[in-house]
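Remarks on the structure that follows.
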Amino acid sequence: MLSEQDLTIPNSAKQGMDAILKGVNRFETVVFPENREYHEALVTQPQRPQALFITCADSRIHPNLLTGTRPGSLFLIRNAGNIIPPYGSGGASGEAATIEYALSVLQVKNIILCGHSHCGAIRAMLEGKLSDEIPSVRQWFTHTESVQRLFGTKKPTDITEDDVILAAEENVILQLAHLRTHPAVAFGLSHGELNIYGWVYHLGQGKVYGLNPASGEFTSLQEEEAIPLPGLRSRRKGPVR
Ligand SMILES: [Zn+2]
């Protein structure tokens, strides 16, 4: 439950940190004791997450709140723009290592790649504002270059929220393609042991849209059953040699 305090914008570093420490204190004295049995079970049994959830670092996205899940349910990758570099690009990355660990060690069977509306990084990309002042972001966003090419750049005043959502959708489709280049993902898909999904969360509306492989459109998750996206060799029968 959100309180008025949760929505207060801290006007100093100290005020922000005080609110966080108050939250830690509440967790230690109220939340953890009330759910002691559940939290203790998390360390007495191996973790078995239901999904690898990949999303943007944006603070307004709360994967557990969004999916009605608790600690232990989602293995997470978060970064600016929910980007997955193609396998092998620039050597090992945190994203590659986390995907590999989730699939090969934890035996995760679902991957959800979730973009979102109102994405500051996507808007900056559309505005051509990934400048020299943020060189790491600019370099990171070379992994979205196809989306940038598709949309070109516009004046900030000409960019609507619909443009940002469309670009966020295209970026999810592109990053799903990158995801498929990771050997553990390709292997899992080809053996029918892994399902992957592309979502876009519309902030402020409380709605999640999923990529429908039949239509190629993002449609409300409430309107139909989630359909996993096909893999590279998903129609292949029999063992892969
Ligand atoms: Zn974002």
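Coordinate-derived values only; no laboratory data. What you are looking at is a predicted structure, and each value in this text was computed from that prediction instead of being measured. Cβ atoms come from the backbone with ideal geometry, glycine included; neighbour counts cover every protein chain shown.
Once every DSSP H run of n ≥ 4 in the chain is given -39500 (n - 2.57) and the sum is divided by its residues, what mean residue ellipticity at 222 nm do you get, rounded to the nearest 500 deg cm²/dmol?
-10000 deg cm²/dmol
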* **Ranking of Leu76, Leu126 by count of other Cβ atoms within 10 Å, fewest first** => Leu76, Leu126
* Please order Asp58, Asp132 by the number of other Cβ within 10 Å, starting at the fewest. => Asp132, Asp58
* To do: Find out how many positive minus negative residues lie around Val108, taking Lys and Arg as positive, Asp and Glu as negative, among other residues whose Cβ is under 14 Å from that of Val108.
  => 0
* Asked: Which cross-chain or sequence-distant (5 or more) residues have an amide H under 5 Å from the amide H of Phe218, H modelled 1.01 Å from N in plane?
  -> Asn212
* Asked: List the lysines whose alpha-carbon lies under 26 Å from that of Lys154, not counting same-chain residues fewer than 8 positions away?
  -> Lys129
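If Lys and Arg each add +1 and Asp and Glu each add -1, what is the summed charge of the other residues whose beta carbon sits under 13 Å from the beta carbon of Thr160?
It works out to a net charge of -2.
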* Would you tally the net charge around Leu42, using a Cβ to Cβ cut-off of less than 13 Å, leaving Leu42 out, and scoring K and R as +1, D and E as -1? => +1
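Taking the number of other C-beta atoms within 10 Å as the exposure measure, put Met17, Met125 in order starting with the fewest.
Met17, Met125
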* FRET efficiency, 1/(1 + (r/R0)^6) with R0 30 Å, evaluated for Glu127 and Asn212 via beta carbons -> 0.50
